[in-house]
Amino acid sequence: MTMLEKFMAFAKTLPADQLESVEEVLAALMESHSEKYDLTADQLAELDKRMVEENPEYASPEAIAAIFVKPFLA
């Protein structure tokens, strides 16, 4: 029995009120795999370019804090 088959058997035993929350989580999981979250060709090309950079430059802690509104502790 596959894990998916085990999960389906488990889900069938859940009462309706608990099954609703499981369905919401599954819907969110499926949505996270949507094509709308795929990287564009330009983004993939930029990643390829950066991955071969011999002397990469990293953002400063201040620049990170400005984006995330709190410091990033390394």
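Structural remarks
- Condition broken by A28, with the remaining ones in (1) part of a helix (DSSP H, G or I); (2) more than 23 Å from the chain's Cα centre (by Cα); (3) not basic (K, R) satisfied: (2)
- Filter pass, P56 being more than 20 Å from the chain's Cα centre (by Cα) and loosely packed, with under 10 Cβ neighbours inside 10 Å: yes
- The residues of the stretch 33-47 that are aliphatic (A, V, I, L, M) and assigned to a helix (DSSP H, G or I), listed by number, are A41, L44, A45, L47.
- For the residues A28, A41, A74, A16, the requirement of being surrounded by fewer than 10 Cβ atoms within 10 Å (Cβ to Cβ) and modelled with pLDDT under 90 singles out A74.
- The residue pairs whose first member lies in the stretch 23-40 and is farther than 16 Å from F7 by Cβ and in contact (Cβ under 8 Å) with a residue 24 or more places away in the chain, whose second member is surrounded by 10 or more Cβ atoms within 10 Å (Cβ to Cβ) and among the charged types (D, E, K, R), and whose beta carbons are closer than 8 Å, counting only pairs six or more residues apart or on different chains, do not exist in this structure.
The values are calculated or read from the model by the stated rules, or taken from the named source; none is laboratory data. The shown structure was predicted, so the numbers you read here are calculated from the model rather than taken from an experiment. All Cβ positions, even for glycine, are placed from backbone atoms using ideal geometry, and neighbour counts span all protein chains on display.
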